[in-house]
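Below: one structure, written as structure tokens.
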Amino acid sequence: MMTESIKSLFTRDLNQLKKEIEAYQNEEAIWKIDKKILNSAGNLSLHLVGNINHFIGSILGNSGYVRNRELEFSLKNIPRTELIEKIEKTIEIVHSSLDQLSEEDLKKEYPIEALGYKMTTEYFLIHLFGHLGYHLGQINYHRRLLDVE
């Protein structure tokens, strides 16, 4: 079943996001920016959590989540434990939201034109998974470049 595959992939990469945040030796480095690296790992994590909670949790799962995208990039110095809690709650939201979808639901049009055009729910979920992977890679590089003593 496609929903199980999508759920499994989101879970895998959100758990990897947790591992990346946990891997920082210096917690302050999570929020560091430098030269042309303008987004911290902390802000990218908040962005991923906000994005997934909005487009999967709120739109598909009716979770009631209200997104404030500006805060995803302006909040700073949230404790690592809080970031990890947000990621863990996002995994729960992915599960509860995708468990509501049937294979037929995936073939239906996504409820909003999030990318400026109509697409199926399945297409948009794959897009969201790619977005997660893109920023997860950025966070990995951020950690290896800026988490230095």
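Taken together, the values in this text are just the output of simple stated rules run on the coordinates, not laboratory data. Computed from a prediction, not measured in an experiment: that's the story for all the values here. Positions of Cβ are backbone-derived with ideal geometry, glycine not excepted, and every protein chain shown enters the neighbour counts.
Taking chymotrypsin sites (Phe, Trp or Tyr not before Pro) across region 13-121, the ones in a DSSP loop with at most 11 further Cβ atoms lying within 10 angstrom of their Cβ are 117. Under the combined filter of DSSP loop state and at most 14 neighbouring Cβ atoms within 10 Å, region 1-103 retains these trypsin sites (Lys or Arg not before Pro): 35, 36, 76. Short to long, the 10 Å bins of the Cα pair-distance histogram for the chain hold 11, 42, 31, 14, 2, 0 percent of all pairs.
Between 0 and 90 degrees, the angle of helix 121-146 with respect to the longest Cα principal axis of the chain falls at about 10 degrees.
The modelled label-to-label distance between residue 77 and residue 38, using points 7 Å beyond Cα along the C-beta direction, is 2.3 nm.
If we count every other residue with Cβ under 12 angstrom of residue 108's Cβ, Lys/Arg +1 and Asp/Glu -1, where does the sum land? Net of charged neighbours comes to -3. Across region 26-75 the C-alpha pair distances fall into 5 Å bins from zero in the proportions 5, 22, 23, 19, 13, 9, 7, 2 percent. Dipole magnitude for the chain: computed about the Cα centre from +1 point charges on Lys and Arg Cβ and -1 point charges on Asp and Glu Cβ, it is near 400 debye. Considering only 113, 22, 122, the Gaussian network model of the chain with Cα springs below 10 Å gives its largest mean-square fluctuation to 113. The C-alpha atoms of the chain define a longest principal axis, and helix 2-23 lies at about 10 degrees to it. Rounded to the nearest 10 degrees, what's the angle between the helix 80-98 long axis and the longest principal axis of the chain, both from Cα atoms, 0 to 90? Helix 80-98 sits at roughly 10 degrees to that axis.
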